[in-house]
Amino acid sequence: MTTDSDVFTPAAALGRSLIWAEEFTAPIAWGARWTGDRSSAYRYCDHNPDDNKLDWLTPSAVTVSGGVATFTATPAGRTLENGRQAWHTGLLTTEYSAEEFRVRAGDYMETRVRLPCGTGAWPALWTWKDGENEVDCFEYHSDNPHLLELSNHVNRASTYHTDVDAIGPGRWVTIGTALGATCVEWYVNGDRVFSDGTGVGAGWSAYPILNLSLCAGQYHAAPCDPAPITFDVDYLRVYR
């Protein structure tokens, strides 16, 4: 969707240079840049019912067209360890890829996404490494249609950010995170909406994860029918 002229340094990234980007203008570079069939954040590598997720990671659930990556979740003919029906869905992580790109303390990471409409949708951009180092650049649940969850699990801090004008099912929104050593800052459509005052520490690094999960119903509503659920991503960029 974006063009070269659209790639500019956002105000939150001033003083940094664009050092890594995925514009989704070509097919997913599985193995080289991205992994889609496993994550160390998932107990069983490709599924993780312990985290109230119905996910069964399926690389073919992520497709690219017109400069946009679309994550499509559909019911799977598989049963999870908790007896629930799994859903095929997509995840992109740099973990286990040949490139193994990691964000570091001081980086600014930004994505532009179209939030999903289906009940049970749980899209997110987050980080993970060695069983920890998690920062949730955003989490979204469709049963809280105008709210983003923003969390630092490294040095505990979080907030719920509500904006009925900018956040909602089917809307495009730009979300950025300045991953500071002493303070993590979150931006929505260019505006700073939360500063945690705790940061991630100077030696922090982690793999980015961009995915569409499905809620199992413990904390948020599970899918109510078998209709596919989609989540669109325009780009993911990192400035350092």
Subject >> Members of region 64-90 that are of a type in the set (Ser, Thr, Tyr) and either farther than 19 Å from residue 43 by Cβ or modelled with pLDDT under 95 (or both) >> reply: 65, 70, 72, 74
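This table checks each residue for (1) acidic (Asp, Glu); (2) modelled with pLDDT of 95 or more; (3) closer than 30 Å to residue 60 by Cα.
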{"residue": "102", "(1), (2), (3)": "no, yes, yes"}
{"residue": "118", "(1), (2), (3)": "no, no, yes"}
{"residue": "169", "(1), (2), (3)": "no, yes, yes"}
{"residue": "173", "(1), (2), (3)": "no, yes, yes"}
{"residue": "187", "(1), (2), (3)": "no, yes, no"}
**OP:** Considering (1) at pLDDT 95 or above; (2) open to solvent by 10 Å² or more (accessible area, probe 1.4 Å), say which one residue 218 fails and leave the rest.
**Re:** (1)
**OP:** Give the residue, chosen from 183, 137, that is more than 23 Å from residue 214 (Cα to Cα) and open to solvent by less than 60 Å² (accessible area, probe 1.4 Å).
**Re:** 183
**OP:** Output the number of residues of region 12-51 satisfying the condition of being hydrophobic (A, V, I, L, M, F, W, C) and under 14 Å from residue 111 (Cα atoms).
**Re:** 6
**OP:** Could you check residue 166 against (1) open to solvent by 40 Å² or more (accessible area, probe 1.4 Å); (2) more than 17 Å from residue 206 (Cα to Cα); (3) not aromatic (Phe, Trp, Tyr) and say which number it fails?
**Re:** (1)
Original post:
Considering 157, 105, 98, which residue is more than 25 Å from residue 190 (Cβ to Cβ) and either open to solvent by 10 Å² or more (accessible area, probe 1.4 Å) or hydroxyl-bearing (Ser, Thr, Tyr) (or both)?
Top reply: 98
**OP:** Read through the list (1) touching a residue at least 12 places away in the same chain (Cβ under 8 Å); (2) surrounded by fewer than 18 Cβ atoms within 10 Å (Cβ to Cβ); (3) closer than 30 Å to residue 164 by Cα, then give the number of the only condition that residue 65 fails.
**Re:** (1)
Original post:
Got a sec? Which of 171, 192 is surrounded by fewer than 22 Cβ atoms within 10 Å (Cβ to Cβ) and under 18 Å from the mean Cα position of the chain (by Cα)?
Top reply: 171
**OP:** For region 108-120, state whether one or more residues are small (Gly, Ala, Ser), in a strand (DSSP E or B) and open to solvent by less than 20 Å² (accessible area, probe 1.4 Å).
**Re:** no
Subject >> Of all residues in region 18-27 being open to solvent by 70 Å² or more (accessible area, probe 1.4 Å) and part of a loop (DSSP other than H, G, I, E, B), the one that is farthest from residue 239 (Cα to Cα) >> reply: 27
Original post:
If you check every pair at least six apart or on different chains, which have Cβ atoms under 6 Å apart with a residue in region 29-51 that is within 25 Å of residue 219 (Cα to Cα) first and a residue that is open to solvent by less than 50 Å² (accessible area, probe 1.4 Å) and among the aromatic types (Phe, Trp, Tyr) second?
Top reply: 41/128; 47/56; 48/42
Original post:
Restricting attention to region 28-64, which residues are in a loop (DSSP other than H, G, I, E, B) and charged (D, E, K, R)?
Top reply: 33, 37, 38, 43, 46
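The values are calculated or read from the model by the stated rules, or taken from the named source; none is laboratory data. Quick caveat, the model's predicted, so the values are computed rather than measured. Neighbour counts run over all protein chains shown; Cβ positions are idealised from the backbone, glycine included. Accessible surface areas use protein heavy atoms only, side chains included; no ligands, DNA or RNA. Shrake-Rupley method; radii C 1.70, N 1.55, O 1.52, S 1.80 Å.
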